[in-house]
1. Note down all Cβ pairs under 7 Å where the first residue falls in region 1-17 and is assigned to a loop (DSSP other than H, G, I, E, B) and modelled with pLDDT under 90, the second is charged (D, E, K, R) and surrounded by 11 or more Cβ atoms within 10 Å (Cβ to Cβ), and they're at least six residues apart or on different chains.
2. Looking at (1) in a helix (DSSP H, G or I); (2) surrounded by fewer than 16 Cβ atoms within 10 Å (Cβ to Cβ); (3) in contact with a helix residue (DSSP H, G or I) (Cβ under 7 Å, 6 or more places away or on another chain), which is the only condition TRP24 fails?
3. Could you tell me whether TRP61 is at pLDDT below 90 and not in a helix (DSSP H, G or I)?
4. Which one of PHE71, PHE85 is surrounded by 10 or more Cβ atoms within 10 Å (Cβ to Cβ), at pLDDT below 85 and aromatic (Phe, Trp, Tyr)?
5. Could you list, in sequence order, all residues of region 20-38 that are without any contact (Cβ under 8 Å) to a residue 24 or more places away in the chain and under 13 Å from THR60 (Cα atoms)?
6. Could you list, in sequence order, all residues of region 27-47 that are surrounded by 13 or more Cβ atoms within 10 Å (Cβ to Cβ), assigned to a loop (DSSP other than H, G, I, E, B) and within 12 Å of the chain's Cα centre (by Cα)?
Amino acid sequence: MTTINVVSAYGRSYDSIVSAKEDWDLGKDFKIVGGPYINKSDWAKYSKEDTVVYQGNTSTWILQEGLILDFWDKKERERTIIEGFKKVQENA
């Protein structure tokens with residue numbers, strides 16, 4: 001599990017966790033520090049294990065807690081990735 005640090009996007013600014021979290025839950029974009037834009041649906045598709053942290057001028061707030069996979073979930077995911085990789089190699 002890692003942390004995705006984000007700032008506001010498109011000129012928006014937040015003075016409270018309530019307004020930042022509301023926009024996150026509505027699916028509005030935030031800018032990853034040093035990276036592309038992200039919203040809640042992007043997070044849900046690609047990085048559910050990562051915690052999203054908003055960095056304001058004077059405050060830092062957690063917008064989304066990362067999901068913690070248990071040992072067996074991680075092993076199943078690894079197995080699926082390895083099997084997919086093997087199929088790609090067989091078809092190459």
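The values are calculated or read from the model by the stated rules, or taken from the named source; none is laboratory data. Note that the structure is predicted; figures quoted are calculated from it, not measured. Neighbour counts run over all protein chains shown; Cβ positions are idealised from the backbone, glycine included.
1. Correct list of pairs: MET1/GLU49; MET1/ASP50; THR2/ASP50.
2. Result: TRP24 fails condition (2) only.
3. Answer is yes for this residue.
4. It is PHE85.
5. Passing the criteria: none in range.
6. ASP29, ASN39, SER47
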